[in-house]
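The values are calculated or read from the model by the stated rules, or taken from the named source; none is laboratory data. Every value quoted in this text rests on a predicted model; they were computed, and no experiment measured them. Positions of Cβ are generated from backbone atoms using ideal geometry, with glycine treated the same way; all protein chains shown enter the neighbour counts. Note: areas computed on protein heavy atoms with side chains; ligands, DNA, RNA excluded. Shrake-Rupley method; radii C 1.70, N 1.55, O 1.52, S 1.80 Å.
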Amino acid sequence: MKKLFILALSSMMLTACSTEKAQNDDAQRQIDSLKAVNANQAKELEDFMQIVDQVNEGFRMIKEAEGRVDIKDANAEGVGKEQIAENMQFIDATMKQNRELIETLKKKLSSSSANLSSLQKQIELLEKEMTEQKARIQELEIQLQERDIVIAEQAQTITQLNDDVNTLVAENEEKTAEVAAQEKELNKAWFVFGTKKELKEQKILDNGDVLKNGEFNKGYFTQVDIRYDKDIRLYSKSAKILTTHPAGSYQLTKDASGEYELHITNPTQFWGTSKYLVVQVK
């Protein structure tokens, strides 16, 4: 009998160790996944900011070129006209380059998984600077025309530049709305709580498995925005979370009447494993 007892105890210990190892492996996989996401987002932000720096450098060089366009140097004999024309051509080329770089930023933004709202703000600031430079170039063009030193081709180029900037602003307004819609879609999640019987009736719980049946009633869930909806009242003195969510990303507490409330403390981690939350109550 003593040997049988020892064998049974050993078997129980081995089973417990295996379970603990499996749990540790699952936790490590979640940690590795989060690290990979963070690394990718950091690389995206680094690439984004490098292009922003290029655009800002272009703005700086344009301002310097504007300063070199001295209307007083263009006398009747044409002294200084060649230098002014060269500077205006440089301004035109640099403005075009900046416009292309901003378009590159917008394309990166549309596929970025990083903080979309902060990246969109950067683009808006760059386009504001582009608009301000457009106004300065228009004023410079007027001054040059008054001194009769702007060739027709240059005037046409600046006019085209103005049209391009206006188009860029219109496109940005459209992109802003598109990004807002993308952010809203990315931050959607769904939750449901109900008794075991109710969850079975909706095929959310099927033979002990949660959301394994592809025919579960999605209309039974409540949609939330994970950026803002962080507290969920469960209206029950018994609550059990059936879906998988990192333990450190939420808290289950009771209110004054003893009913449970779910507080999501880290939305990114909580909804990272599943955009569906299922809670069984009594």
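Tabulated results
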{"item": "For segment 162-214, accessible area per residue (1.4 Å probe, heavy atoms of protein chains only), Å²", "result": "60 Å²"}
{"item": "Heavy-atom accessible area ranking, 1.4 Å probe, most first, across LYS134, LYS197, LYS275", "result": "LYS197, LYS275, LYS134"}
{"item": "Simple spin-label estimate for SER257 and THR273 in nanometres, 7 Å along Cα-Cβ", "result": "3.1 nm"}
{"item": "Residues of type lysines that LYS203 reaches as a straight line, Cα spacing below 25 Å, ignoring anything fewer than 8 places off in the same chain", "result": "LYS188, LYS212, LYS218, LYS237, LYS240, LYS275, LYS282"}
{"item": "Solvent exposure, largest accessible area first (probe 1.4 Å, DNA, RNA and ligands not counted), of TYR276, TYR220, TYR228", "result": "TYR228, TYR220, TYR276"}
{"item": "Solvent-accessible area, 1.4 Å probe, carbon plus sulfur percent, for segment 182-227", "result": "43 percent"}
{"item": "Hydrodynamic radius by Kirkwood, which averages 1/r over all alpha carbon pairs of segment 153-238, in angstrom", "result": "17.4 Å"}
